[in-house]
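The values are calculated or read from the model by the stated rules, or taken from the named source; none is laboratory data. Since this is a predicted model, take the numbers as computed values, not measurements. Here Cβ is always computed from backbone atoms with ideal geometry, including for glycine, and neighbour counts include all displayed protein chains.
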Amino acid sequence: MRLALLGPPGSGKGTQAQRICETFDLVHLASGDILRAEKASGTPLGKQIRDFIDNGMLVPDDLMIELMKQKILGLKTGFVLDGFPRTLLQAQTLNRMLFELNRPLMLVLNFVVNPKVLARRFEGRRVCPECLTVYHIDSKPPQVAGICDNDGSTLIVREDDRPDVVQKRIMTYQETMAPLIAFFAQLGNFKTVDTSGSIEEATKAVLDKIRRHFEDE
């Protein structure tokens, strides 16, 4: 099973990708986590990535494609792509690469969320600067407020979760998604899921959509 998740920042791709992977025994390839880990590495590549992420800008296609290609080539099982592809060029390149490997995507899920719900999700998001675990003060709070459950680090608001950067991220996403959605829609195996509800409600909707899709094939 090979899936890709599309959706604006805060639509729940990361949480739902983890639950999909747990349910179907797949590997979670989260572009955001991969990029942040590279950013924190302090390498020349990481420094390039940092400048783009901290300003709410998309990492250039050639840089993003190379990072994800290495991850995909190293896999021997199914996977869920979370946050990639994010541009039409990335989608076209990914599609060609996977067909060459005889492992094309089997389903693309597009998450849609009520704008007011999105705003609240960003306001409450916190992250551990050490282990990169993501929390939310409403839906996924740490055991001790402001402290990471795993290593006791003080949780922070990510640079790319600041309100001004978030708005830029959402605008950039909307501008780039129309051709991307059209591309996957014309390829088939494309479904839309509303993830505005609670995490449990979204999980049920997502898993039901996946199960129905593969049962119908």
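Hey, could you check the stretch 100-126 for residues that are modelled with pLDDT of 90 or more and closer than 23 Å to Leu63 by Cα and say which is surrounded by the most Cβ atoms within 10 Å (Cβ to Cβ)?
For the stretch 100-126, the residue satisfying everything is Val108.
Considering only residues that are surrounded by 12 or more Cβ atoms within 10 Å (Cβ to Cβ) and farther than 22 Å from Pro115 by Cα, which ones fall in the stretch 160-189?
Matches in the stretch 160-189: Phe183, Phe184, Ala185, Leu187, Asn189.
Quick one: which helices (runs of 4 or more DSSP H) lie wholly within the stretch 1-94 and hold at least 2 residues that are more than 17 Å from the chain's Cα centre (by Cα), under 25 Å from Arg125 (Cβ atoms) and at pLDDT below 90?
44-54
So, Ala119, is that one out of contact with any helix residue (DSSP H, G or I) (no Cβ under 7 Å at 6 or more places or on another chain), farther than 30 Å from Pro104 by Cα and not basic (Lys, Arg) or not?
yes
From the list Asp138, Asp151, Asp194, Asp216, exactly one residue is in contact with a Lys or Arg (Cβ under 9 Å, 6 or more places away or on another chain) and acidic (Asp, Glu). Which is it?
From the options Asp138, Asp151, Asp194, Asp216, the qualifying one is Asp138.
Considering each residue of the stretch 127-159, count those that are at pLDDT below 85 and either in contact with a Cys (Cβ under 6 Å, 6 or more places away or on another chain) or buried (at least 16 other Cβ atoms within 10 Å of the Cβ) (or both), and give that number.
Result for the stretch 127-159: 1.
Filter the stretch 198-217 down to residues that are modelled with pLDDT of 90 or more and in contact with a helix residue (DSSP H, G or I) (Cβ under 8 Å, 6 or more places away or on another chain) and give me whichever is surrounded by the fewest Cβ atoms within 10 Å (Cβ to Cβ).
The qualifying residue surrounded by the fewest Cβ atoms within 10 Å (Cβ to Cβ) is Leu207.
Please determine whether any residue of the stretch 88-97 is surrounded by fewer than 20 Cβ atoms within 10 Å (Cβ to Cβ), of a type in the set (A, V, I, L, M) and in contact with a helix residue (DSSP H, G or I) (Cβ under 6 Å, 6 or more places away or on another chain).
Yes: the stretch 88-97 contains one or more residues that are surrounded by fewer than 20 Cβ atoms within 10 Å (Cβ to Cβ), of a type in the set (A, V, I, L, M) and in contact with a helix residue (DSSP H, G or I) (Cβ under 6 Å, 6 or more places away or on another chain).
Which is acidic (Asp, Glu), touching a helix residue (DSSP H, G or I) at 6+ places or on another chain (Cβ under 7 Å) and surrounded by 18 or more Cβ atoms within 10 Å (Cβ to Cβ), of Asp61, Asp82?
Among Asp61, Asp82, only Asp82 is acidic (Asp, Glu), touching a helix residue (DSSP H, G or I) at 6+ places or on another chain (Cβ under 7 Å) and surrounded by 18 or more Cβ atoms within 10 Å (Cβ to Cβ).
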